[in-house]
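One structure is given here, and the rest of the page talks about it.
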Amino acid sequence: MPIIKIDDIAHVRFAAPDLDAMQSFLEDFGMHIFEEGGRLYGRGSDGRPFVHVTEPGDAKFLAVGFRAETIADLETLAAAEGLAVEDLNEPGGGKIIRLTDPDGYGVEVVAGQSNGKASLPIADPLRNTAAAKPRFRSTVRLDAAPAHVRRIGHAVLKVRDFRISEKWYKDRFGFLTSDEVEAAKDVPLGAFMRCDRGDKPADHHTLFLAQLPGPLGLLHAAFEVANLDDLMLGHQHLKSRKREAAWGVGRHIMGSQVFDYWKDPFGNELEHWTDGDLFTADDPPQKQPMSALLAVQWGAPHPMFAGKMPPPPGLVAFFTALNIRIKRLFSRQPKGNPA
């Protein structure tokens, strides 16, 4: 049994040497930005006090934040970890405990934050399809604008040892595996994990842990936008502002969401997404090949496949070692009876 079951992701935290440059990007990305206590905060439209934090300093990913349901849950976790529950002296108040995971990432668990007033989600317009045509005698006219970030959805962390990190996060926070990614049968490279919310729907993944080559760090953080039109308008706006595109637009296999990735001025990758999968605790885990990780159901191929991005450092050596590991694994398997 886990110590607690978190309810959702809360925020991601960064340091950056130029808060003005970060603010300009985040506004283009579709967040509401404000400064308080020397930090820059980004929020969506769901009423949560913030989903993105930037502190002054050398460019760096600092922490991922998760939301516990109650302060009592925080106290339970703090007691198990030998840590103190602190006041959260940031917008929304509440309480926080601060942990460090096996790879040195900061992990912040918050509870008791006061929420602001959520704005109504942008209505999804009627759409005519071959099966139904509800939009009659009306036109589609979209205004050029940034996308409208609603909330934060997930974070992706690169780890040294997937099984060690998986156990650490599951033991403390009750994550459930939606899809485990394998290089070969029984050779795991990572997993998409969701919150255990019982019979309440949860996103396909709140956290993805990936044992991949190259330096550790946050691979990306993802933010839900209103709908497909909103995502495409956001893509157009960021492109017009000459922001750095990373990957998109397309539809993923695992999670199914329509995605669009961009890089902020300091190299951090942020995703717009819409139309993702939802599961409950009753849905069993699945296993997927690594080919499904960077493949798309439609849309832009990953830049590595399109020849627009060099392989990450150590990728060739990584897969050479992995191939040796797989061959050794299969050489130990008992041989079947000759035909």
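The values are calculated or read from the model by the stated rules, or taken from the named source; none is laboratory data. No experiment lies behind these values; they were computed from the predicted model shown. A quick note on method: Cβ atoms are made from the backbone with ideal geometry, for glycine too, and the neighbour counts reach across all protein chains shown. The area values use the complete protein model at the heavy-atom level, side chains included, leaving out ligands, DNA and RNA. Shrake-Rupley method; radii C 1.70, N 1.55, O 1.52, S 1.80 Å.
Summary table below
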item: Of all residues making up the range 85-104, the number that are closer than 14 Å to V64 by Cβ and touching a strand residue (DSSP E or B) at 6+ places or on another chain (Cβ under 6 Å); result: 5
item: Residues of the range 126-148 classified as within 25 Å of H237 (Cα to Cα), surrounded by 12 or more Cβ atoms within 10 Å (Cβ to Cβ) and of a type outside the set (A, V, I, L, M, F, W, C), total; result: 3
item: Subset tally (residues that are over 22 Å from D196 (Cα atoms) and surrounded by fewer than 17 Cβ atoms within 10 Å (Cβ to Cβ)) for the range 33-61; result: 12
item: Set Q236, Q297: member being assigned to a strand (DSSP E or B), of a type in the set (S, T, N, Q), at pLDDT 95 or above and open to solvent by 10 Å² or more (accessible area, probe 1.4 Å); result: Q297
item: Single match in L216, L212 (criterion: modelled with pLDDT under 95, of a type outside the set (D, E) and touching a Leu at 6+ places or on another chain (Cβ under 9 Å)); result: L212
item: Which listed residue, of R197, R172, R163, R151, is surrounded by 14 or more Cβ atoms within 10 Å (Cβ to Cβ), more than 17 Å from the chain's Cα centre (by Cα) and not in a loop (DSSP other than H, G, I, E, B); result: R172
item: Check on A191, surrounded by 18 or more Cβ atoms within 10 Å (Cβ to Cβ) and not in a loop (DSSP other than H, G, I, E, B); result: yes
item: Top-ranked residue in the range 207-233 [being aliphatic (A, V, I, L, M), open to solvent by less than 20 Å² (accessible area, probe 1.4 Å) and under 16 Å from the mean Cα position of the chain (by Cα); ranked as nearest to K60 (Cα to Cα)]; result: A221
item: Test: T76 is farther than 27 Å from S45 by Cα, among the β-branched types (V, I, T) and surrounded by fewer than 18 Cβ atoms within 10 Å (Cβ to Cβ); result: yes
item: Residue selected from the range 95-125 under the condition over 30 Å from F162 (Cβ atoms) and among the basic types (K, R), by the criterion least open to solvent (accessible area, probe 1.4 Å); result: K95
